[in-house]
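One structure is given below, encoded as structure tokens.
The values are calculated or read from the model by the stated rules, or taken from the named source; none is laboratory data. From a predicted model like this one, the values you see are computed outputs, not experimental measurements. Heads up, the Cβs are rebuilt from the backbone with ideal geometry, glycines too, and the neighbour counts pull from every protein chain shown. Each accessible area value is taken on the protein alone, full model and side chains, heavy atoms only, with ligands, DNA and RNA left out. Shrake-Rupley method; radii C 1.70, N 1.55, O 1.52, S 1.80 Å.
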Amino acid sequence: MILDRALVRLLPAVPRPVVRSISSRYIAGPELSDASATVRALNAQGKLATVDVLGEEITNEEETHVIARAYEDVLAEIGRRHLDSNISVKPTALGLELDFALCRRNLERLVHRARVRGNFVRIDMEDATTTDATLTLYRELRNAGFDELGIVLQASLKRTISDVDAVSDLRPNVRLCKGIYLESPDIQFRDFHDVQKSFVSTLEALFDVGCYVGIATHDDWLIDQTKRIIGERSLSPDAYEFQMLLGVRAALGNALVEDGHRLRIYVPFGSHWYEYSLRRLQENPSIAGYIASDTLGRFLHLRRNGSA
Ligand code: FDA
């Protein structure tokens, strides 16, 4: 455990090939064809998907168009192959930090493409400096008639319960997650149990106002609480879905599907895999074991080939 925590801090110093090898299970691969094959395999197991194009940090308008075009290709591929998948997009990748209007234009075009194909766009939620602008973006597009659009709320933020109130008139389709970004303790619950409590009360509040909720967690206790809440409310399986990340707790996901719940898997792909991989590895409770076995595996491989 102590070793795990120490390694999480040291991860950026771990050589890229090692990070790449131990994080490969979190990413479909570098190409759209890799994402397509992964989604097809998930669909065959009765799981839905949402595809995320991994991009690098955006510095100019043209880069936002490259990302937007990559997502248009994803939507086309989903349609062509009859895959059961939507897409998840990061507002900053579409230019949120460069120019709000540019981001809105890019997103509107994507949602329009999704609508034409009978699909749906989820706006991922990024760090707290983007929350207001992301919710404004969502409201503006919904007011313009784009209903094939959903948001994400982060239970670790203290503001989230009032955000439910603020968006409730739109009856949004919401992914609820704990939140990956480390924020100031003024605005974020830091205690594990406070985050869990906030998750449960936010979920209840979302169901109270009739939202469709994607419950995005691998936390056993939260999954049990969700099952309790949907049981108490007699919600049918089409009123919610569970969501998990590719490569995380697949057996738990299989059990949810066997129990008759919808499950959607987040499928990232692309050549810019490094930052996403670091985030996933930092959340992996047995990171030390993975790094040790990968390093040992490489060492033995080198020995076998007479290079060490
Ligand atoms: P927690 O981190 O406590 O994990 C619970 C258990 O799951 C762990 O004890 C471990 O067993 C297992 N586990 C979790 N991560 C693992 C890993 N990487 N490797 C191996 N085991 C692991 N965040 C955000 O800020 N904005 C967003 O838009 C999204 N979007 C999103 C979509 C989907 C589909 C998911 C599942 C998650 C997100 N997140 C997110 C990330 C989310 O906020 C959160 O950081 C992670 O889901 C981890 O939180 P858990 O609820 O799983 O609990």
Here the averaged projected area of segment 162-224, based on the convex hull of its alpha-carbon atoms and given in nm², is 4.5 nm²
For residue 192 and residue 20, extending 7 Å from Cα along the Cα-Cβ vector and measuring point to point gives, in nm, a value of 3.4 nm
Round to the nearest 0.05 the FRET efficiency obtained for residue 105 and residue 127 when R0 = 25 Å and r is the Cβ-Cβ distance.
-> 0.65
Pairs beyond 21 Å (Cα-Cα), from 47/197; 158/178; 158/197; 47/90; 90/227; 47/158 = 47/197; 47/90; 90/227; 47/158
Heads up, I need the accessible area for residue 105: 1.4 angstrom probe, whole protein in place, Å², nearest 10.
-> 140 Å²
Based on the mean of other beta carbon atoms within 10 Å per residue, what is the order of 181-189, 38-46, 194-202, most packed first?
-> 194-202, 38-46, 181-189
Distance in nm between pseudo-label sites at residue 169 and residue 235 (7 Å out along the Cβ direction from Cα) | 2.4 nm
Applying the gyration tensor rule to the Cα atoms of segment 121-277 (axes a ≥ b ≥ c; rounded if a/c under 1.5, else prolate if a/b exceeds b/c, else oblate), the class is rounded
Interchain or long-range residues, amide H under 5 Å from residue 188's placed H | 158
Spin-label model distance (nm) - residue 144 vs residue 98, 7 Å beyond Cα toward Cβ | 1.7 nm
Length-normalised contact order of segment 28-269 in % [C-alpha pairs under 8 Å, at least 6 apart] = 21 percent
Amide proton proximity set for residue 120, modelled H, under 5 Å, gap of 5+ | 87
The answer for GluC sites (Glu not before Pro) in segment 1-72 that fall in a DSSP coil and have at most 11 neighbouring Cβ atoms within 10 Å is 57
